[in-house]
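K.L.:
Could you have a look at this structure, given as structure tokens, before my questions?
Bear in mind that the values in this text are calculations on the coordinates, not laboratory data. Not measured: the values here are computed from a predicted model. Quick reminder, even Gly has a Cβ in these numbers, built from the backbone with ideal geometry, and neighbours come from all protein chains shown.
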Amino acid sequence: MRVLLVDDDPGLRLALSKALSRKGVDVVDLSSGEAALEPLRTGTSTVGPVDVCVLDLRMPGMGGLEVLRRTQARRVPVVVLTGHGTVPDAVEAMRLGAVNFMQKPVDADELLPALQQALREEPPAIATAILGASAPMLSFLERLDRAAQADEPVLLIGEPGTGKELCARRLHDLSGHRKGPFVAFNAASVPDEWLEGELFGQRRGALTGATETREGMMSRAGEGTLFLDDVGELGLEVQGKLLRAIEERRLRPLGADADKLFRARVIAATHHDLKGAVDAGRFRADLYYHLAAIALPVPPLRERGDDVILLARAYLGRSSDRPLVLTPDGEERLRRYRFPGNVRELVNLMKRAALFSERLDVDGELIDELVQQSPFADVARAPFEGEAPRAGERVTLEELEKTHIKRLLSELNNVSEVARIVGIDRRTLQRKMSAWGLRDQGPQ
């Protein structure tokens, strides 16, 4: 076993190193949190692979909690030590993925069993599911974790590919409903005529083709969490029944003559403008205000700074048994690309990089080649049909705007998202579309 010991106290490092060495443990000691970042992220020290880390919480400069925040993609389990132990520190350290929390003074006889247990445990899902150390993401995660402690519905608002289901799972894992099941239901994946039966359940014969009694997703959630993705796709009639279930905590399966208790917490997600859908009469205002009791916008990847590099390294490592690394120019290409498909697109890009890279270095040339092959590439490139205007060519600003908007509408098929991208409100965009003879056929 090789242990990474991170503590600013040289006396403690020396004493623990000697005591653990006598028990057959190889110790690599570091004096600062900053020095621990790379070994935790890569799982490798200057002398070889690291199996487990012992991390002090209170150190000059970067403390242990900040190290945990910045290494959410780490490959090494962490046991936290502190001489200033408090319950909030313990809760925060465990929330950030530490597998154990021990208070100084501690000797090798106490520490070794904790290290052995850490090696046997799977890394906490929360520590690896949502990776991010940028200010926007840390702020979002703080709000997300506070929302987990409440029992109100939560509405996650974010572009496709931002990880809304992962956020919903984190809410569930940190909530009082975590002992119950997490049941995910995508409203966009079910035909309208089957939506009510899928959600609420149905008795045999309740619908044409309903040859058996089926339990609905809301009942399956039990006392756990019901995650409603693409909630804006629900029809008005189903919306009304969902509102009743949330308000009265009761539901009635299709074709049944009695109600059932509904105990699950509801988390909903959308990439549409639900407030705009309310204004247009496509979404019930009362349901919207219930779901948006706690509304949390999920940051898009392009607003998360160097999180793109953190995520790229993590998913590149997971996608290959080879020790692939991003070169500096490869990282710079990733920083410059806008990732209209967000984290989902980045994950796909890293999988393809791992597959097609002939060397261990993933450089800018390969990243450029793979980006050009991305189905999202046209959205991220210059917004012109064909070539950009040539020098001397007379093109009006309105023509450029029309071409840009027409291309975005074709690629995204989402009026509200296009309005957000070009920086105008949805109604202004719809007036322009009407004037240009462009029909509004996509989701709102």
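K.L.:
In degrees between 0 and 90, to the nearest 10, how far off the longest principal axis of the chain does helix 33-42 point, with axes built from Cα atoms?
P.N.:
So the inclination is approximately 70 degrees.
K.L.:
Among K164/K241; K275/K351; K179/K351; K18/K104, which pairs are too far apart, with a Cα-Cα distance over 27 Å?
P.N.:
From the list (K164/K241; K275/K351; K179/K351; K18/K104), the Cα-Cα distance tops 27 Å for K275/K351; K179/K351.
K.L.:
Which ³J(HN,Hα) values in Hz, rounded to whole numbers, follow from the phi angles of segment 147-154 under the Karplus curve 6.51 cos²θ - 1.76 cosθ + 1.60, where θ = phi - 60° and Gly and Pro get x?
P.N.:
These are the phi-based 3J(HN,Hα) values: 5, 4, 6, 8, 10, 6, x, 10 Hz.
K.L.:
Check cross-link reach from K402 to the aspartates and glutamates: straight Cα distance under 20 Å, and skip same-chain residues fewer than eight apart.
P.N.:
Counting by Cα, and skipping residues close in sequence, K402 has these aspartates and glutamates nearby: D378, E385, E387, E393, E411, E417, D425, D440.
K.L.:
Alpha carbons only, please: Rg and Dmax for the chain, in angstrom.
P.N.:
My reading of the Cα-based Rg and Dmax gives 25.8, 81 Å.
K.L.:
Moving on to the next point. How big is D for segment 2-127, in µm² s⁻¹ as a whole number, if Stokes-Einstein is applied with the Kirkwood radius of its Cα pairs at 37 °C and 0.692 mPa s?
P.N.:
So the translational diffusion coefficient is about 233 µm²/s.
K.L.:
For segment 397-436, report the translational diffusion coefficient in µm²/s to the nearest whole number, using Stokes-Einstein at 20 °C, 1.002 mPa s, and a Kirkwood Rh over Cα pairs.
P.N.:
217
K.L.:
Between F101 and residues 5 or more places away or on another chain, which pairs have amide H atoms under 5 Å apart, with H built 1.01 Å from N, and which residues are they?
P.N.:
Here V80 satisfy the definition.
K.L.:
Most mobile of E159, E110, E215 per a Gaussian network model of the chain (Cα springs, under 10 Å)?
P.N.:
Result: E110 has the largest fluctuation of those listed.
K.L.:
Post the alpha-carbon centroid distance, segment 263-303 to segment 156-228, in whole angstrom.
P.N.:
16
K.L.:
Return the FRET efficiency for the residue pair D257, E212: r is the Cβ-Cβ distance, R0 is 22 Å, and the value is rounded to the nearest 0.05.
P.N.:
So, using R0 = 22 Å, E works out to roughly 0.80.
K.L.:
Among 288-298, 18-28, what's the highest-first ranking by average C-beta atoms within 10 angstrom per residue?
P.N.:
Averaged packing, sorted descending, gives the order 288-298, 18-28.
K.L.:
Lysines within cross-link reach of K406: Cα-Cα under 23 Å, excluding same-chain residues under 8 positions apart?
P.N.:
K432
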